[in-house]
Amino acid sequence: MNDLDLKKLLNNVLWTMSPLKLVALSIENGLWNYIAERNDKVKFADIVADFSWKERPLTQIMNIFENLGLVEQNGLEICLTSASRKWLVKGSKDYIGDFIIRANVLAKAYDEHLETLLKEDVPDKTMHDLTKAAFGGEMEASEMFAKSMDAMTREFAEEILNQIDTKDVHKCLDIGAGMGAMANIISERQPNAGITVLELPGIAELLQKQVMTFKYGKQFRVICARWQDIHKHLAPEEKFDLIILSQVLHEEKKEDAEKLIRICADLLSSNGKLAIVGFLDDTSLLTHLFTLNMLMELGSDNLTQKEISLIAEKNGVICQSTYISQTSGRMLWLGRKRNI
């Protein structure tokens, strides 16, 4: 048992815990499914007995849960509410327990915002349908999605790229390039650089047409593929001086995001740069809510800059700087590969 074990905490007479931590630990210890399996209500005494918890601290915790709207206490019975049944019971299509556990571990969600995270109007799940259609060969959906993402990218592209020294960039790779807004800026700053852009079917076809309108479009190579297959489309031992991952990592589960960073590290030249852009600031409420939407709408995760730094360093890429756009809220994480 470690110090975060709820049973250990409950068996201490004196304790101080935040509501977020209590909800997270109750999920990890299976409390909500325990009640749900008993038709959404259970006797207080049964919880004490079955979990071997002490009555006094459990009473205080249940009062906190009641104030959060997660339980109702009817005499000696504890009942689930629509909110806890919807959000905290595994198997519910709207389950967000994994996010709350993760938010607690990362300490990146404030207690005063827990109620916001549990509201039923967040998220609306439209992103899943739009994304699936955009990369599924429906050209109308692809165009709508691509234009929307391109407009958002243009809000921060210049500002973010101003933080990157590109004078030594001879080969650039943009994974998940969208309509190529960021790669085009790089090409204008380095007209002789070879630019490789990778996208999925649907968006890739649009990107190929868009590239032809760029001033230095002849310097571009468009690859239509998943990032997992990128080596199949590159020359053996091909390396890049700059790799861009803008608004990409959050579309992947954590373990896949780690694989993508590892692939990028392998493709970097000596002293090459890795630029990652997204909502990465783990002190921001915007990041908290964005992470919640990614988890709920796409089943994906949203690594923070601290996590990216740890993963990248394991793969030989050291964080050089970070920058937060004051207009868009996007954050740049910029790393450089060790010169071995």
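The values are calculated or read from the model by the stated rules, or taken from the named source; none is laboratory data. For clarity, every value in this text was computed on a predicted model and none was experimentally measured. Virtual Cβ from ideal backbone geometry, glycine too; neighbours counted across all protein chains shown. For the accessible areas, the whole protein counts, side chains as well, though only heavy atoms, and no ligand, DNA or RNA atoms are used. Shrake-Rupley method; radii C 1.70, N 1.55, O 1.52, S 1.80 Å.
Some notes on this structure:
- Within the stretch 298-315, tally of residues that are open to solvent by 10 Å² or more (accessible area, probe 1.4 Å) and under 21 Å from T131 (Cα atoms): 3
- For the stretch 270-282, the set of residues classified as within 12 Å of K337 (Cα to Cα) and in contact with a Leu (Cβ under 9 Å, 6 or more places away or on another chain) consists of G272, K273, L274, A275, listed by residue number.
- Selection within the stretch 192-205: residues that are at pLDDT 95 or above and in contact with a Lys or Arg (Cβ under 9 Å, 6 or more places away or on another chain). The member of this set that is farthest from E140 (Cα to Cα) is A193.
- For the stretch 316-336, a tally of residues being in contact with a strand residue (DSSP E or B) (Cβ under 9 Å, 6 or more places away or on another chain) and open to solvent by 40 Å² or more (accessible area, probe 1.4 Å) returns 8.
- Residue within the stretch 15-34 that is outside any helix (DSSP H, G or I) and closer than 14 Å to E77 by Cα present: no
Quick grid of which residues meet (1) in contact with a helix residue (DSSP H, G or I) (Cβ under 6 Å, 6 or more places away or on another chain); (2) β-branched (V, I, T):
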site	(1), (2)
G202	yes, no
V211	yes, yes
Q219	yes, no
R226	no, no
E238	no, no
A265	no, no
S270	no, no
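- One residue stands out among those in the stretch 35-45 that are in a loop (DSSP other than H, G, I, E, B) and not polar (S, T, N, Q): the one that is farthest from the chain's Cα centre (by Cα), which is R38.
- Single residue of G194, G202, G217 found to be in contact with a strand residue (DSSP E or B) (Cβ under 6 Å, 6 or more places away or on another chain) and over 21 Å from S325 (Cα atoms): G194
- Residues that are crowded, with 21+ Cβ neighbours inside 10 Å and among the small types (G, A, S) were ranked within the stretch 262-297; the one that is modelled with the lowest pLDDT is G278.
- Screening K132 with (1) over 21 Å from Y34 (Cβ atoms); (2) of a type outside the set (V, I, T); (3) open to solvent by less than 10 Å² (accessible area, probe 1.4 Å); (4) modelled with pLDDT of 70 or more gives one miss only, at (3).
- For first residues located in the stretch 52-75 and at pLDDT below 85, partners that are among the hydroxyl-bearing types (S, T, Y) and lie 6+ apart or on another chain with Cβ distances below 6 Å form the pairs G69/T81.
- Consider the stretch 66-82 and keep the residues that are open to solvent by less than 20 Å² (accessible area, probe 1.4 Å) and among the aliphatic types (A, V, I, L, M). The one that is nearest to the chain's Cα centre (by Cα) is L70.
- Yes/no for A103 being touching a His at 6+ places or on another chain (Cβ under 7 Å), modelled with pLDDT under 75, assigned to a helix (DSSP H, G or I) and open to solvent by less than 30 Å² (accessible area, probe 1.4 Å): yes
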